[in-house]
Each structure stands twice: as structure tokens, then as C-alpha cells.
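Just so it is clear, none of the values below were taken in a lab; they were calculated from the coordinates. Nothing here was measured: the structure is a model prediction, and the numbers come from that model. So basically every Cβ, Gly included, is an ideal-geometry build from the backbone, and we count neighbours across all protein chains shown.
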């Protein structure tokens, strides 16, 4: 994206023009694959090429997630000091991403990020709704073009914030579609403000959102873990007529266990089956001491899912599968996958295709390294993934029968 010079959100009343031009390319910014992904993710939402050298300059000082948080807070402060508001906002989001819920800096950092992106993208309070849900609320936004071609309902994945995706949502709106985006349980405001934990029964928040906005004949789009949640929700919600899974994700337990080495993964799978609670907790506690990323992942995972031990967390994520309900899906389906996704095994696309036996139509797309979109959720070429989605949606008016390509 190329943006006009940022303005001071505390003094300016003029909205800043938005020009969407996502950057193309996935960059080597850190030797750790997960930290490198987060750096690329941060860059992709802003597109200011100066960020690449700025992030490379702090890489030598980042070995742990605590280091990552410290250095990105420094980058944020530098950017905000010179009034580079959007860049500063996403540096704050990157820093906050690895802050544990018990960190007193987390909530102020999150609130500052939200205020900055809403101001920079000129998102008004009238665009936002707070939808009552199970003693708390779901935060949702609605963006409507002049003559919408249809309605897309969007949500993210594991510990995502819908506000991070504003420019993605605007691209769909500018393609002619009304966009309703929400944070469900375990995401954004629902988690951080109302402590609503993640649920695999995603049809429940989707029903509440569709009821609230009184919409029918919608496209349901799920990102990251949302690529599995979207299949679950659509299987039980007839108002969903089209499904986009970006990325496909059939078995979250496999994704979680994929973060440990092969031998440990096999042992953990067996131990979960026999409910070896003490052994699992001890094994993962030792793994967390050796790896700060695993330590963060376990604590954050328990926070998101509302569980209280590594064993409970692993048991919970086993619920997030699509195999048992995919046969109920009768809608038009678009499955997106990445050739070298470091989170989701490529085999999960094949697994999902095999189980969608009754889909009205089925289209698949694997993004490649040559397209700079081979990574999780196609960070590196978001414009291409958006084009594939919009082209598919536009084709739905004439597409008939079941197609797999």
C-alpha cells in the first residue's frame, strides 16, 4: 500500500485518502520461521518499504519472543515520534502479539493500536456494532458500497483482531461487496474485553451475527483457523450460500502439534489418546523451558481457549476438525491453500476436498513460491489472493455444477 503522509489523529479532522496496493514479495527478515512470518505480516498491512530495513536492523537483538516485543515497541515509538501513525500502529500490534495476557502493557498497547488504525482508516463508530453474546459481546464492522453485489461475512482465526484486516475488508468493499466482519469468541474484543473463549461450534456466533444484521444469501469467509471454522459454521447455517476457506484447515490439533519435533509429536498424540495428563503437562513444561516460542504458545493457547493446563489445551484443540461435518456442506466452496505453509500441512487441502462430498461446486487454488504467495494466508501477495476470491465470487452467477480444479 502506498499511503499519503500520515496526519495527527489528535488534531486532524480530515480523513486520509486510502490507496490499496499491497506489496508483493516474502522477505527473509529473521532466521526463525515464525518470527520471520510475523515480521512479513506486519509489513504486508502497511507496505512502507523502509520497514524492511528497520526490521532487519533489530533482528540481531531478537532471540526470544520477549526480545521481539521489546524491539518492536522501540520501532513503534520511533515511528510514532515522527508521526508515522500507520507504521507505528502495526509495530505496536506486532509487539502486542507476543505479550502474554498477564503482561500489564498488553491492554494499553492493544488499545493504542485500535485507536490508531481506526483513525488512519477513517473508521467511524457508526461502522461498528457490539452484538450481545453469552454474557459478553462480539465486535463487528459493516462496510457497504453504493450498490452491493452481495454480502460477505468475514472472520479471522486463532487470537486474531478484525481491525488488523481493515484494508483487506476495504478491498472487498471496493470490489462491490458489502462486508460484515466480526471477532468471535477467542478473538479480539470478545476475548480481551469479555473473556469469551474460542469455541469449535462456530455456527453459534455466525447465527448471532446473521440475525443481528438480518442478512441472508451470504458468502462466509474465514481466514487462518477461520478456514476450518467456516466449514463448521456453513454446515449448520442455511443462510450461507458460498464458502471461502483461506487457508483450508481441517485439523487444528495437527497444526498445533506440528510446532514440536516429530518424535515429541508422535508421543504427545499417543499420550492424549490415553489421557496421560501428568506426563503431558510435564513433557510440555520441559519443552517450554527449552523454547520461548513454545512457552508463549502454550500460555497464549490456554488464554484463547479458556483452558488451564497444556493437557486441557491439547484436548480442546482436538475438537477443531472438519471431517465429521464436511458432508453436511451443500454450498459453493472455494478452498485456498499455500504450497509452503509453515503452519498448515499441504495434505489438509486434499483431506478437505475428499470430505466435501455434497458441495454444490468445489474450487481449489494452491498459491506458489513463484507467485510470492506460498506462505500462510498468502502473506507476500495478498492482492493475488483477493483477486482469486473476487473473481470466484463474480463467477458464481453463471457457474453451475461441481467443479474441481
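Observations on the model:
- Sorting the segments 288-300, 267-279 by their residues' average number of neighbouring beta-carbon atoms within 10 angstrom, most packed first, yields 288-300, 267-279.
- Taking other C-beta atoms within 10 Å as the exposure proxy, 224, 361 rank 361, 224 from fewest upward.
- Taking label points 7 Å from Cα along the Cα-to-Cβ direction, residue 340 and residue 215 give a separation of 3.6 nm.
- Euclidean distance of C-alpha centroids, segment 71-139 and segment 164-224, integer Å: 18
- Segment 341-399: C-alpha gyration tensor shape, a/c 1.5 cut-off, then a/b vs b/c: oblate
- Computed extension length for residue 103-residue 309: 72.3 nm, one decimal, from 0.36 nm per residue of separation with the Cα-Cα distance subtracted.
- Estimated from the Cβ-Cβ distance and a Förster radius of 30 angstrom, the FRET efficiency linking residue 83 and residue 128 is about 0.75.
- If you bin all the Cα-Cα distances of the chain at 10 Å, starting from zero, the percentages per bin are 5, 23, 34, 27, 10, 1, 0.
- By other beta-carbon atoms within 10 Å, ranking 34, 189, 130 with the fewest at the front produces 130, 34, 189.
- For segment 253-317, a/c is less than 1.5, where a ≥ b ≥ c are the root eigenvalues of the C-alpha gyration tensor. That puts it in the rounded class.
- For the pair residue 290 and residue 391, a Förster radius of 45 Å applied to the C-beta separation gives a FRET efficiency near 0.50, rounded to the nearest 0.05.
- For the peptides 142-148, 196-202, the ranking by mean Cβ contacts within 10 Å, running from highest to lowest, is 196-202, 142-148.
- Looking at the chain alone, DSSP beta bridges between its own residues are antiparallel in about 30 percent of cases.
- Pairs of alpha carbons in segment 176-333 whose separation is greater than 18 Å (percent): 61
- Global form of segment 33-120, assessed from the alpha-carbon gyration tensor, a/c cut-off 1.5: oblate
- Cα radius of gyration and Dmax for segment 89-237 (Å): 14.8, 46
- Potential extension, residue 111-residue 263 segment - 0.36 nm per residue separation minus Cα distance: 50.6 nm
- 18 Å reach of a label modelled at residue 323, 7 Å along Cα-to-Cβ, counting backbone N of segment 338-355: 344-355
- Which of 219, 364, 69, 74 has the fewest Cβ neighbours within 10 Å, and the rest in rising order: 74, 364, 69, 219
- CD proxy at 222 nm, helix term only [per DSSP H run n ≥ 4: -39500 (n - 2.57); per residue of the chain; nearest 500]: -13500 deg cm²/dmol
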